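Undergrad: I am attaching a structure below and will ask some questions about it afterwards.
The values are calculated or read from the model by the stated rules, or taken from the named source; none is laboratory data. Treat the numbers as computed from the prediction; the structure is a model and nothing was measured. Using ideal geometry, Cβ is built from the backbone for each residue, glycine included, and neighbour counts are taken over all protein chains shown. Surface areas here come from the heavy atoms of the whole protein model, side chains and all, with no ligands, DNA or RNA. Shrake-Rupley method; radii C 1.70, N 1.55, O 1.52, S 1.80 Å.
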Amino acid sequence: MPANPGDARPSRSPVSRRQVLAVGGTGLLAATASATRAAARIRKARAAGGDGTPEQIHLTWGENPATSVVVSWASPEPATRPRVRIGQRVIPGQPRHYSDGINGETVWTYHSRVDGLRPGATYAYVVTADNDSNAADPFTATFRTAPHGRTAFRFTSFGDLATPNTAWVLSYGQSAYAVDAVESFQPLFHLLNGDLCYADLNPAVQPEVWRDFGNNNQTSAANRPWMPCLGNHEVEFGNGAQGFTSYLTRYTLPDNQMPGFDGRWYSFRVGSVLFVSLDADDMVYQDAGAFVAGPAALTPAASTGNPAIEPGTSFYVKGYSGGAQTAWLERTLAAARRDDSIDWIIVQMHQCACSSSATGNGSDLGIRQQWLPLFDQYQVDLVLNGHDHDYERSFPVRGADADAGHEVASGAVVNTLRPHPVTTTDNGVFDTSQGTVHLILGCGGTDANLDDYGVDPAVGERQAKVFTHANRPALTSTGDVYDRAVADAVEDAIWSAKRDTSTGYGIAVFDVNPDPEDFGGHTSITVTHYHAVGVDPVNPTTGAKGVPTPDYTEFETFTLVRPRSA
Ligand SMILES: [Fe+2]
């Protein structure tokens, strides 16, 4: 088990541990003034007990985005008096740490909750500690609080980001450009729709993958909140009851008032929009969390005390909340629709109810059974997903068509609860009080070109795969190697309105306009999807890649409208 393989790789943090160690270890730079200062800082840091230099700095909203944010960060070793300075206030960083259940590395994180801020205001802040090797010139950034009341604002979204360090499975250089893209649009905040960095696919080095992820997205997430949700790749062996310990240690998220389920799902409100962030791992049939395919077992470091994980083992967490999440969701949606000051309800979750990806995962009946009826009842306007590494937009859907699916193996009819489109006219303006629009935004930066979409060979219609059963691991013909099957059913995807066949990579930009004058008494959200053409394979025959690109161009724009609540 490599003790600390992350030290050998580049980082986007202002001062990485590698740089610190290089300066401290060689002395070759001692002739320069900057190196002398750096060495002095390191001596001071060591004297204070380890390297507490802040890194992986990121913001999330506090309980009220108009008045509170949380600053979170990590440090290579325990920080002494970790703190955020904002104006004259000094807010101690509350420490949280965990030891990775596979390689045993301890991760040190800190969280400073900043309350009492003014709405719509810009603040500068500093993050430091007594043993910060940058103490003389500590990290500083600015952020903006949310506006109060019915006010226009912009947010952005994608999922499946990964890291720019291609040593890791599913990481890719586009991940850095994707973070830059967020900054280029200057949103109030960003929604990161799960599958943050695929650490579970690099089980021997999970904390190192998270570190590269955190240092990459610090470029934007230190300047504006990045609000995440859990995906299947946040389910990690050895890290807690659902495998979420790494995610939960690194993020402080709005309180869901659900003891035992902190951080797994939450809501927050900006202006006249309620954002609801869900963990679909609790709902989906698909088994796609941590998995040991074999033939070798996965053997944790001896220091963890954890036993070997045998081939054919998967970490399957469907139903872990025992219905608590769905009950919370219903309470939250009902309260929102009783509140005249809320117009829009936008849901963020990783896995998909409406995806017709052919090479990706597809749709999942679990979400359709448990949550789509609630989305209908309480008029959820928009659902943002990741999971499939492509872009797809549904027509507004409400209700379900019965018995519209077929089992792949037998051809037998299966009730996939196919979402029913309330219109199939793609005129660019959709009234979401009549039906919910689903968007797949599943390729922030990860290395997987999955923008291939299903077609029913018999009729030429769009076709979606649907999981209606759990695809638990099964032995392959190789004997001692296990696999998990693809979705078991298909349906004609009459709900599918738009698919981007030119690239999976992209970012969606949402401009909320609460002024009803612009759309005949309706409030509106203008959505523009920008895509990074050229990143996907340029040669479909050989699969030769394009190259990561900073160029995001408009793919499509459309407008969602709904009547103002009051
Ligand atoms: Fe996923």
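Undergrad: Here is a check on your reading of the model: is Tyr285 of a type in the set (Phe, Trp, Tyr), farther than 25 Å from Asp255 by Cα and either under 27 Å from the mean Cα position of the chain (by Cα) or part of a loop (DSSP other than H, G, I, E, B) (or both)?
TA: In short, yes.
Undergrad: Could we say that Val182 is modelled with pLDDT of 95 or more and in contact with a Pro (Cβ under 9 Å, 6 or more places away or on another chain) here?
TA: Taking the combined requirement at face value, the residue does not satisfy it.
Undergrad: Okay, moving on. Among (1) closer than 24 Å to Leu191 by Cβ; (2) in contact with a Pro (Cβ under 6 Å, 6 or more places away or on another chain), there is one condition Gly312 misses while meeting the rest; what is its number?
TA: Status for Gly312: all satisfied but (1).
Undergrad: Applying the selection to the stretch 264-277, what residues are under 23 Å from Ala241 (Cα atoms) and either open to solvent by 10 Å² or more (accessible area, probe 1.4 Å) or touching a Gly at 6+ places or on another chain (Cβ under 6 Å) (or both)?
TA: Arg264, Ser267
Undergrad: For the stretch 492-515, does any single residue satisfy the condition of being surrounded by fewer than 19 Cβ atoms within 10 Å (Cβ to Cβ), acidic (Asp, Glu) and within 30 Å of Val561 (Cβ to Cβ)?
TA: Yes, because at least one residue in the stretch 492-515 is surrounded by fewer than 19 Cβ atoms within 10 Å (Cβ to Cβ), acidic (Asp, Glu) and within 30 Å of Val561 (Cβ to Cβ).
Undergrad: Give me the pairs, please: first residue somewhere in the stretch 378-392 and among the polar types (S, T, N, Q), second residue anywhere and within 14 Å of the ligand (Cβ to nearest atom) and at pLDDT below 95, beta-carbon distance under 7 Å, and either six or more positions apart or on two chains.
TA: What qualifies is Asn385/Gly442.
Undergrad: OK, next. Identify all residues within the stretch 419-428 that are in contact with a Phe, Trp or Tyr (Cβ under 7 Å, 6 or more places away or on another chain) and in contact (Cβ under 8 Å) with a residue 60 or more places away in the chain; write none if there are none.
TA: Residues satisfying the conditions are Pro419, Pro421, Thr424, Gly428.
Undergrad: Still on this model: Select from the stretch 127-157 the residues that are open to solvent by 10 Å² or more (accessible area, probe 1.4 Å) and hydroxyl-bearing (Ser, Thr, Tyr) and write down the one among them that is nearest to the chain's Cα centre (by Cα).
TA: Thr142
Undergrad: Filter the stretch 158-211 for residues that are open to solvent by less than 10 Å² (accessible area, probe 1.4 Å), over 23 Å from Gly243 (Cβ atoms) and in a loop (DSSP other than H, G, I, E, B) and give the result.
TA: Pro187 - this is the single residue of the stretch 158-211 that is open to solvent by less than 10 Å² (accessible area, probe 1.4 Å), over 23 Å from Gly243 (Cβ atoms) and in a loop (DSSP other than H, G, I, E, B).
Undergrad: A further question follows. Within the bounds of the stretch 100-115, is there any residue that is over 21 Å from the mean Cα position of the chain (by Cα) and of a type in the set (A, V, I, L, M)?
TA: Looking through the stretch 100-115, at least one residue is over 21 Å from the mean Cα position of the chain (by Cα) and of a type in the set (A, V, I, L, M).
Undergrad: Just to check your reading of the model, which residue among Asn217, Asn223, Asn202 is at pLDDT 95 or above and within 16 Å of the ligand (Cβ to nearest atom)?
TA: On the way: Asn217 fails: within 16 Å of the ligand (Cβ to nearest atom); Asn223 fails: within 16 Å of the ligand (Cβ to nearest atom).
Unique residue meeting the criteria: Asn202.
Undergrad: I'd like to know if the stretch 116-124 contains one or more residues that are charged (D, E, K, R) and part of a strand (DSSP E or B).
TA: No: the stretch 116-124 contains no residue that is charged (D, E, K, R) and part of a strand (DSSP E or B).
Undergrad: Assuming Gly442 fulfils every condition listed in (1) at pLDDT 95 or above; (2) closer than 30 Å to Ala327 by Cα apart from one, which condition is it?
TA: Answer for Gly442: the failing condition is (1).
Undergrad: Still on this structure, I have one more. Please verify whether the stretch 430-442 includes one or more residues that are farther than 20 Å from Cys352 by Cα, among the polar types (S, T, N, Q), open to solvent by less than 40 Å² (accessible area, probe 1.4 Å) and in contact (Cβ under 8 Å) with a residue 60 or more places away in the chain.
TA: Yes: the stretch 430-442 contains one or more residues that are farther than 20 Å from Cys352 by Cα, among the polar types (S, T, N, Q), open to solvent by less than 40 Å² (accessible area, probe 1.4 Å) and in contact (Cβ under 8 Å) with a residue 60 or more places away in the chain.
Undergrad: I'd like the full set of residues that are surrounded by fewer than 18 Cβ atoms within 10 Å (Cβ to Cβ) and either in contact with a strand residue (DSSP E or B) (Cβ under 7 Å, 6 or more places away or on another chain) or among the charged types (D, E, K, R) (or both), limited to the stretch 546-555.
TA: Matches in the stretch 546-555: Asp551, Thr553, Glu554.
Undergrad: Taking strands (runs of 3 or more DSSP E) that fall entirely within the stretch 64-106, which contain at least 2 residues that are open to solvent by 70 Å² or more (accessible area, probe 1.4 Å)?
TA: Numbers: elements: 69-75, 83-86, 89-92, 94-99.
Filter on the stretch 64-106 gives 89-92, 94-99.
Undergrad: Scanning for something closer than 25 Å to Phe155 by Cβ and of a type in the set (D, E, K, R), does the stretch 231-243 turn up at least one residue?
TA: Yes, the stretch 231-243 contains at least one residue that is closer than 25 Å to Phe155 by Cβ and of a type in the set (D, E, K, R).
Undergrad: Next question. Can you name the residue in the stretch 523-559 that is of a type in the set (S, T, N, Q) and in a loop (DSSP other than H, G, I, E, B) and is also modelled with the lowest pLDDT among such residues?
TA: Thr541
Undergrad: What about Gly238, is it away from the ligand (no atom under 16 Å from the Cβ), within 29 Å of Trp344 (Cα to Cα), small (Gly, Ala, Ser) and assigned to a loop (DSSP other than H, G, I, E, B)?
TA: No.
Undergrad: Within the stretch 217-232, is there a residue that is among the basic types (Lys, Arg), open to solvent by 10 Å² or more (accessible area, probe 1.4 Å), out of contact with any Cys (no Cβ under 6 Å at 6 or more places or on another chain) and not in a helix (DSSP H, G or I)?
TA: yes
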